[in-house]
Amino acid sequence: MSPDEYCQNKAAKSGSSFYYAFLFLPTERRRAITALYAFCREVDDIVDEARELSVARMKLAWWRSQVEFLFNGDDVDHPVIKALKPHINNYGLKASQFHAVIEGMEMDLDKHTYNTWEELKTYCWHAAGVVGEMSAQIFGYTNNDTIKYADYLGLAFQLTNIIRDVGEDARRGRIYLPLEDLKRFEVSKEDILDSRYSEKFQSLMRYQTQRAREYYLKAVQALPEEDRRTQRAGLLMAAIYYALLNEIENDQWMVLDQHIALTPIRKFWLAWSTWVSGGKRITKTIKAGKAK
């Protein structure tokens, strides 16, 4: 199996919405973004599957060394790093960006709660914002404001993930919702851990959903018109994630004991329709604040 085939299999098996964004890209950009996604999947799996923190830290340290080897021009071992190698210079990717992703995974090992939104926002940048920046570089842009768009969109995606995975994360010992928000809406950590639904919990989740929508709006407002078509893959992901956010709200945030997801057919339709419209459809939907 070639390095590119390894990354392709990693992306396809994940079932992630990101996979659908890759389908419509030109070959070289698709290979690059698939390799980047596979890198993120590899380091994220270390944390999700960790039973011994010391082992997880050692594995993340090994990935740090692989990134250093990659950017120093040394021989690399892992197929994901081999797949990334041809694209580093082509798209201006930096070692510091890959290290930032690994730092986000280390934060998951060190922190199980976040006191404030500002603290959580820092984590979200490491987990998704910097990945958005690298993705924007791979997709191509001419206006530097596109990086601001990518940051906002990464935050919106991560907030959507947090909302969707509240119950699952709690069972893993992590609560990403800011503790100041739990206090404000009078929802305890025990309420989440014990899957206690209430009007207060719904109010808390409505507030988180509105925050996510604000970042989707900031993203599309920040995206320069001249880069909209090149950034269609990111807007394609936005269409899928925005629809998921609406689906969660329509289900009254029943996320403590079940996993809400879109069907593969619906994801593909959203991806195709967004690509064909040049990203205009989801941009208008988000600006209008409409469900999709």
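Each value in this text was obtained by applying a stated rule to the coordinates, not by laboratory testing. These numbers come from a predicted model, not from an experiment. Positions of Cβ are generated from backbone atoms using ideal geometry, with glycine treated the same way; all protein chains shown enter the neighbour counts.
By the Kirkwood approach, averaging reciprocal distances over each pair of separate Cα atoms, the chain gets a hydrodynamic radius of 19.5 Å. Spin-label model, Arg206/Asp45: points 7 Å from Cα along the beta carbon direction are separated by 4.1 nm. With 19 Å as the limit on Cα-Cα distance, the pairs of Lys267/Lys287; Lys218/Lys287; Lys218/Lys267 that go past it are Lys267/Lys287; Lys218/Lys267. Put in line by how crowded their Cβ is, counting other Cβ atoms within 10 Å and starting with the fewest, Asp169, Asp251, Asp45 read Asp251, Asp45, Asp169.
In this structure, the residue pairs whose Cα-Cα separation is over 24 Å, taken from Lys148/Lys284; Lys121/Lys183; Lys13/Lys148, are Lys13/Lys148.
The sum of -39500 (n - 2.57) across all DSSP H runs of n ≥ 4, divided by the residue count of the chain, sets its helix-only mean residue ellipticity at 222 nm to -22000 deg cm²/dmol.
The region of the chain that goes longest without hitting one of the GluC sites (Glu not before Pro) in a DSSP loop, each with at most 10 other Cβ atoms within 10 Å, is 53-292.
With a simple spin-label model that places each label point 7 Å from the Cα along the Cα-to-Cβ direction, the separation between Tyr197 and Thr122 comes to 3.6 nm. Using a cutoff of 8 angstrom between alpha carbon atoms and counting only pairs six or more residues apart, the relative contact order for the stretch 1-110 works out to 33 percent. Note on Ala261 and Phe69: with the Förster distance fixed at 45 Å, the Cβ-Cβ geometry gives a FRET efficiency of about 0.75. The value of relative contact order for the chain, using C-alpha pairs under 8 Å at least six residues apart, is 19 percent.
Once you have the Cα-Cα distance between Ser277 and Glu5, take 0.36 nm times their residue separation minus that, and quote the gain in nm to one decimal. Show your work: numbers first, answer last.
Values: separation 272, 0.36 × 272 = 97.92 nm, distance 3.00 nm.
Answer, rounded to one decimal: 94.9 nm.
The loop-placed trypsin sites (Lys or Arg not before Pro) in the stretch 134-230, going by DSSP, that have at most 15 neighbouring Cβ atoms within 10 Å of their Cβ come out as Arg172, Arg196, Arg229.
Gain on full extension, evaluated as 0.36 nm per residue between Arg57 and Glu226 minus their Cα-Cα distance, stands at 56.6 nm.
Can you give me the relative contact order of the stretch 61-175 as a percent, contacts being Cα pairs under 8 Å and 6 or more apart? For the stretch 61-175, the relative contact order is 23 percent.
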